[in-house]
1. As an exercise, identify the trypsin sites (Lys or Arg not before Pro) in the range 47-133 lying in DSSP coil whose Cβ has no more than 16 other Cβ atoms within 10 Å.
2. For the range 41-200, take every pair of Cα atoms, bin their distances at 5 Å starting from 0, and report each bin as a whole percent.
3. How compact and how long is the chain, expressed as Rg and Dmax of its alpha-carbon atoms in Å?
4. Say the cut-off is 22 Å between C-alpha atoms; which of K222/K267; K26/K212; K173/K207; K213/K267 go over it?
5. Note down the net charge around D63, summing +1 for each Lys or Arg and -1 for each Asp or Glu among other residues with Cβ under 9 Å from its Cβ.
6. State the Cα centre-to-centre distance between the range 101-157 and the range 221-284 in whole Å.
7. Roll a 1.4 Å probe over the protein chains and send me the accessible area per residue for the chain in Å².
8. Share of the chain's accessible area from carbon and sulfur, percent, 1.4 Å?
Amino acid sequence: MLRIAVQSKGRLYDETMELIAKAGIKFQAVKRTLLVPSRNFPIEILFLRDDDIPDSVATGTADIGIVGLNEVLEKRQRVNVLQELGFSRCRLSLAISRDIDYTGLQWFNGKKIATSYPRILKEFLNNNNITADIHIINGSVEIAPGIGLADGIFDIVSSGGTLVSNNLIEVEKIIESQAVLIGGPDNLPADKQTILNELIFRFKAVKDADGKKYLLMNVPRKSLNDVIKILPGMKSPTILPLADENWCSVHSVIRESQFWEIVTKLKISGAEGILVLDITKMVP
Ligand code: ATP
Ligand code: MG
């Protein structure tokens with residue numbers, strides 16, 4: 001039985017559980033008890049605060065974990081990133097009041113910076129020969145400049161909405177983060193490693209299908225070449241004959257974001273009965 005540490009509630013929880021569900025791993029009822037075994041896969045989930053996940057994996061309390069790369073980098077535990085999972089994307093940035101005329105990184109010399117990520121910040125400042133006073137706060141970092149607690153902040157940014165509503169502006173992007181699968185410093189016993197390999201394989205299949213759609217349509221044979229040119233080439237499309245031999249059925253995988261761009265062109269070329277279907281897994 002492999003034990004995976006997952007955030008018990010918060011910004012990582014929903015997408016982590018969705019990934020696990022899409023990987024076909026089921027649970028009796030996730031009542032968010034501390035430890036929940038799967039009913040169809042040899043894995044159990046240990047629900048923790050995200051701050052505790054790197055440590056739990058480094059010490060072997062859990063075999064693997066899912067957590068933000070930002071926490072991994074801040075906590076400095078002996079863990080390895082096994083897989084990037086592509087969700088909870090955000091960055092760690094320096095931000096200051098909008099009213100300030102920012103002159104570059106040197107501006108931070110002698111200033112006070114509020115953050116929940118003191119280690120990452122300290123390393124960045126040292127590498128850039130900036131001497132600043134780091135003020136550690138956990139939570140609501142963005143209000144610090146407004147109440148005179150700090151000159152700037154170093155915090156998580158995603159859309160930037162929180163910064164705007166606190167009259168702040170992002171001036172330096174320091175680190176890109178996303179949810180990652182982490183493992184401990186030691187090799188796992190063979191049986192656990194086998195389960196882990198299967199899990200990574202499934203996560204990859206789910207991740208690869210993300211944002212992709214299966215497109216199928218009927219195309220007059222005479223328009224086939226035009227249609228093939230319009231389809232963004234993942235691989236060559238599948239072409240199947242139809243009962244009416246002047247027509248064929250064309251199947252292809254596209255990025256969802258490309259759909260509206262190409263649908264009009266397809267129709268102009270004579271394609272009809274265009275269907276877009278969800279893909280939940282992709283195994284090369
Ligand atoms: P916990 O109670 O488990 O300690 P927390 O309050 O420390 O939770 P959350 O706010 O739930 O943490 O964020 C968890 C992780 O989600 C962050 O460490 C970061 O990797 C990511 N994250 C945070 N804010 C955003 C955001 N706005 N957009 C995308 N990802 C984010
Ligand atoms: Mg936390």
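The values are calculated or read from the model by the stated rules, or taken from the named source; none is laboratory data. Computed from a prediction, not measured in an experiment: that's the story for all the values here. Cβ placement follows ideal geometry from the backbone for every residue including glycine, while neighbour counts extend to all protein chains displayed. Side chains included, ligands, DNA and RNA excluded: accessible areas come from the protein's heavy atoms. Shrake-Rupley method; radii C 1.70, N 1.55, O 1.52, S 1.80 Å.
1. Numbers: sites: R49, K75, R76, R78, R89, R91, R98, K111, K112, R119, K122; in loops: R49, R76, R78, R89, R98, K111.
Within the range 47-133, the qualifying trypsin sites (Lys or Arg not before Pro) (loop, at most 16 other Cβ atoms within 10 Å) are R49, R76, R78, R89, R98, K111.
2. The calculated distribution, bin by bin, is 1, 9, 17, 19, 16, 12, 9, 8, 5, 3, 1, 0.
3. According to the Cα coordinates of the chain, Rg and Dmax are 24.5, 78 Å.
4. K26/K212; K173/K207
5. Details: positive: R3, K192; negative: none.
Local charge sum for D63: +2.
6. 51
7. 54
8. Here it works out to 49 percent.
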